[in-house]
Structures are given as structure tokens and as C-alpha cells.
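Read the structure below first, then the notes.
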Amino acid sequence: MGRLIIVSNRTPAPGERTQPAGGLTVGLYDAIQKRESLWFGWSGQQAEDAGERPVEEDRLDNVTYVTFDLTPSQYDRFYLNFSNGVLWPLCHYRTNLIRYTREDCDVYYETNEVFADRLLPLLQDDDVVWIHDYHLFPLARMLRERGVRNRIGFFLHIPFPPWSVARLLPQLKRLLEGVAGCDRIGVQTPEDAANLKGCFEVYGIDEEVEAVPIGIDPVSFRQQAIESAASDEVSRIVDTLEGTRMIVGVDRLDYSKGLPERMRGFEMLLKNYPEHRGQVTFIQITPVSRSGVESYRILKEELDGLVGTINGAYGTPDWVPIRYTTWPIARQILAGLYRVADVGFVTPLRDGMNLVAKEFIAAQDEDDPGVLVLSRFAGAAPEMPEALLVNPLDAEGMADALHAALTMDAKARHDAWSAIYGEVSRNTAGSWAKQFLESLETVRA
Ligand code: F6P
């Protein structure tokens, strides 16, 4: 069996290589343990002379990590402006937030050429190349143009919009032709697959798109949650709640996550169901993300203000309704918090998958599980019809769902949890990677 070559914009930082933290690293952890692998991508560092610097190599067990720096201009234009200021809002249906310039677009393609040039000398004949995410749409074609005949797969971790939205992107055809250099294309949901396929068809590009939803490793996450729930750190947090019930939300500070909408849903719970005042605490953990992009900075200001307003209106000297932090919290502690929470509150306006929903379920105590309130617009929603599904634009609807979650009897909680846990256990990170790679390996070399 040839090596597995993972290509992604961000590579796991050294501390993340044994303890994966984010969606992509969690999803791929299992796959790279199983065979000789090389993970190639950006180091996370910027340097004016990045172009002259060689790649850096690091080896851990059977995985070689090869990384390179970006120039400040590539960081700004490729990563911040085009990947996260054009493609991210487009793919999350937020067209009013798109800030397109031709220069940023050019640097996006030039930076993909840098990925291709630097990867090329590392490739061996029987390697299988697996490219990840929206930063690298054009890479497969660039590798083909350099003579690469290996099997190449591409997986998009974020949603893909229908033609009516996607067509707003100048040079959409060029982007789609870039990814069409692949042997297999995978996305998270059947809706995304139909949308991307529909866009290919508009340009007469004959490409199949498969829906392969990503998962987690529920057994190890569950174990972490059990240990963490009993830890001093989590016990200390629980003690400070002084007997109030706990609702928990965990997200990067991103406008796709529906955070202001979530705050309004919680506010509506306090307004419409006053019996919960003083009886429930909402803990929202929201590490700052992509603060170099203006729309993220504006969101932070909005959220800071909203939390203050709600706490001011409903809080009392001995009870703070919303505890909100923009610092990252260790995944180990999050696992324990999920386990001790009464409600997981996950309300993206759009999300490729949302692994927090899956982790919340995996973490629960099966004898007394919490309830998941989940946006219908998360990629995870079609797999979890037993969750309390909400539309984040409907504050009253979210308040009703929170109230239902907080008052649900033990049997109903257990039945819902057990059905969802069954699905989370069937569709894991390991089975996701296996399914995609098996499908990729059936194509000709
Ligand atoms: O959801 C897409 C994604 O690339 C994830 O895989 C990752 O966890 C997240 O975005 C982080 O984004 P960034 O690299 O911009 O911090």
C-alpha cells in the first residue's frame, strides 16, 4: 500500500499531533495512524522571505509533517481575504459579507501554485494524495499540470451552495475546473453534493460528488468525558453554578455559528419562561478566530454587547445568566463540561458538519443524558432527527426547544440520546476516512 499524503492549509501544531483538537485533525487522526503518511501544508508562520526558505520536516511515529511558511502577503490575500473573506462567506450563503478583489483572487491561485511546487518533489509513484478544504480547490489540477498521475481525492469540509449563490463568485468556472482534476470529490451532506454537482453540470464538467459525512472517535471522546467530568477543573466549574442547570455552547467565534441568534434564543427563554430565571446558566465558550477579517471583528463587538445587555437585563447580584469567554478551553475540559451539561446548544446558520454536536452526544452519561438542541442547518442535522431541531432565526422557537429540553423526562431524554449515539457510533472519523479512501483507491492509478 502506498503512502497517504494529506494536504491541508493548516497542519496540526506539534501539540495537536497526539491530541487532535479541530474538525479536520480529529477526522484524519485515525487514518494517518493506520499507514505510512505525510501531512503537507502551511506551518502557521509568516516570513517575508518565505519563498526562499526550505520546507521543514518533522516525524512522529509513522507520520512525516512537512510544512512551509507563507509570506505576509500570502497570509493576507490567500488565507484571510480570499479563502476566508470570499470563499467562506460564499459557501456559508452569506453573500453580503463577500469582499472580492482580483488581486486577492490572483494571490489565491499563486499560493496554490506554491503548494503544488513544494509538494511535487515529495511525491512517490504509489502515493495516494488527499487534499482538504476550500483553501485548496485548484490544487489537484495544478498537480496534474505538473505531471502527477497519482490518485488524488478532494474533501470539502464546509457546505457548498447551489448555483444561484455560487455564481456570484467571479471566475467560478476556473475554481470548479481546478477541483475537477481529482479522481474523487467528497462533501459532507447530500445537499452539498447535489449543489456542487449542479454547478459542474452548468459548465459541462463531468464529475461525480459523493456525500461522506465526517465523524468523531466516540469511544475515546466518551472516555475523556468520563475522566474529565470527575476532574478538579470541571468540578470547580460545576460548584460555581450553585445548583443551577447548565446549557453549554462551544464554537469558534464565527458568523456561521449563529451566536447572536443563540443569545437571543436564550434571552427569549428567560422572557417567555420566567420559571427558568435564576435556575439555569448558559456557558458559551467562543475562542476568537480569524480576527484579521473585518466581519469577524464586527461579530465580536456585536456579541460582546449582546451578552452584556442580556446579563444586565436578567442577571441578579447572585446569578449571571450567560457566562461567555473568548478564550480557548482545553478539549479535555470541554469533554467533561459536555457530560455535566443539561443541554447542548448548537445553532449554526450553516455548518459543514459540526462535530460539537457529535461530541456532546458521545460525552453524555447514558443513565441521565443531556439534550441536544441543534440547528437544522448544521450538516449533522440530517443524521440526528431525534435532536430538538431548531431554526436559529426563530428566537421563540429556540426558547420553546430550550424549555422542552430542560423539562424533558428521563425516558424521553434517554430514547433520543440512544438513537443519536447509535448514529454517532456507526459513522465515525475512522469509517469516514476508510469510506473515502476505499472509494478513491478503486480508481485507476
Ligand atoms: O471548518 C473548516 C475548517 O478549516 C476546520 O477544518 C478548522 O477547524 C477550521 O476551519 C479552522 O479554521 P482556521 O484554519 O481558519 O483557523
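A few remarks follow.
- Residues of region 221-228 include none that is part of a loop (DSSP other than H, G, I, E, B) and either of a type in the set (S, T, N, Q) or in contact with a helix residue (DSSP H, G or I) (Cβ under 8 Å, 6 or more places away or on another chain) (or both).
- Among the conditions (1) within 17 Å of the chain's Cα centre (by Cα); (2) within 25 Å of residue 403 (Cα to Cα); (3) small (Gly, Ala, Ser), residue 313 misses just one, which is (1).
- Scanning region 276-294 for residues that are at pLDDT below 95 and of a type in the set (S, T, N, Q) turns up 289, 291.
A quick yes/no check of all residues on (1) surrounded by 15 or more Cβ atoms within 10 Å (Cβ to Cβ); (2) assigned to a loop (DSSP other than H, G, I, E, B):
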| site | (1), (2) |
| --- | --- |
| 238 | yes, no |
| 246 | yes, no |
| 249 | yes, no |
| 264 | yes, no |
| 275 | no, no |
| 278 | yes, yes |
| 282 | yes, no |
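- Those residues of region 1-10 which are assigned to a loop (DSSP other than H, G, I, E, B) and either surrounded by fewer than 16 Cβ atoms within 10 Å (Cβ to Cβ) or within 10 Å of the ligand (Cβ to nearest atom) (or both), in sequence order: 1
- Answer from 251, 239, 217, 206 - the residue that is of a type outside the set (Phe, Trp, Tyr) and closer than 17 Å to residue 325 by Cα: 251
- Pair list, Cβ < 7 Å and 6+ apart or interchain, from region 289-302 residues that are under 21 Å from residue 46 (Cα atoms) to residues that are more than 14 Å from the ligand (Cβ to nearest atom): 291/297
- Checking each residue in region 315-342 for being surrounded by 20 or more Cβ atoms within 10 Å (Cβ to Cβ) and over 28 Å from residue 217 (Cα atoms) picks out 321, 322.
- Within region 131-170, if we keep just the residues that are within 16 Å of the ligand (Cβ to nearest atom) and in contact with an Asp or Glu (Cβ under 6 Å, 6 or more places away or on another chain), the residue that is farthest from residue 201 (Cα to Cα) turns out to be 157.
- Selection count, region 176-206, where residues are out of contact with any strand residue (DSSP E or B) (no Cβ under 9 Å at 6 or more places or on another chain) and either closer than 19 Å to residue 145 by Cβ or not in a helix (DSSP H, G or I) (or both): 8
The values are calculated or read from the model by the stated rules, or taken from the named source; none is laboratory data. Keep in mind that what you see is a predicted model, and the values were worked out from it rather than measured. All Cβ positions, even for glycine, are placed from backbone atoms using ideal geometry, and neighbour counts span all protein chains on display.
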